[in-house]
1. Out of curiosity, is Glu106 in contact (Cβ under 8 Å) with a residue 12 or more places away in the chain, over 21 Å from Gln59 (Cβ atoms) and not β-branched (Val, Ile, Thr)?
2. So for segment 84-96 (the condition being at pLDDT 90 or above and over 20 Å from Met53 (Cα atoms)), does at least one residue qualify?
3. What are the residues in segment 54-90 that are of a type in the set (Asp, Glu), in contact (Cβ under 8 Å) with a residue 12 or more places away in the chain and farther than 13 Å from Val114 by Cα, if any?
Amino acid sequence: MTRIFTLLLLAATAVLACGVDVKVPACPSTTSFTFNTGIPAVDPSCPLTEVQMCYTPTQLKLAFTAYNETEFYYDASQTTNGDIWEYEVVEAFIYKGADDPQTYFEYEVNANNVTYNAFVYNPSR
């Protein structure tokens with residue numbers, strides 16, 4: 001069985017983005033994809049990022065690999081749900097379905113393994 005999730009994945013070193021609908025398999029199978037495009041335009045210096053994912057009855061598992069990263073900019077004093085997006089992070093904006101969501105889950109992690117988690121409600125959508 002697979003489920004469809006709409007993901008906007010960002011690796012914020014160069015503000016990379018890939019908005020895609022992904023068919024995610026049940027674990028232990030995984031699906032993966034890569035991206036190396038930047039916003040607002042394609043930037044050939046954007047590093048390659050790979051995302052692998054699967055789900056269980058209680059989890060959506062995401063594994064990010066950022067290739068060719070040599071420097072990591074983060075604040076070692078930051079803690080869970082702090083403003084970690086002000087530094088380098090990978091982000092996933094997750095919504096089950098294929099519509100433009102009003103509500104989604106935002107997950108971020110930095111190079112120091114600090115996370116930010118939020119359910120976001122955007123009534124303008």
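1. Taking the combined requirement at face value, the residue does not satisfy it.
2. For segment 84-96, residues at pLDDT 90 or above and over 20 Å from Met53 (Cα atoms): present.
3. Listed by number, the list holds a single entry, Glu69.
The values are calculated or read from the model by the stated rules, or taken from the named source; none is laboratory data. What you are looking at is a predicted structure, and each value in this text was computed from that prediction instead of being measured. Glycine also receives a Cβ, built like all others from the backbone with ideal geometry; neighbour counts cover every protein chain displayed.
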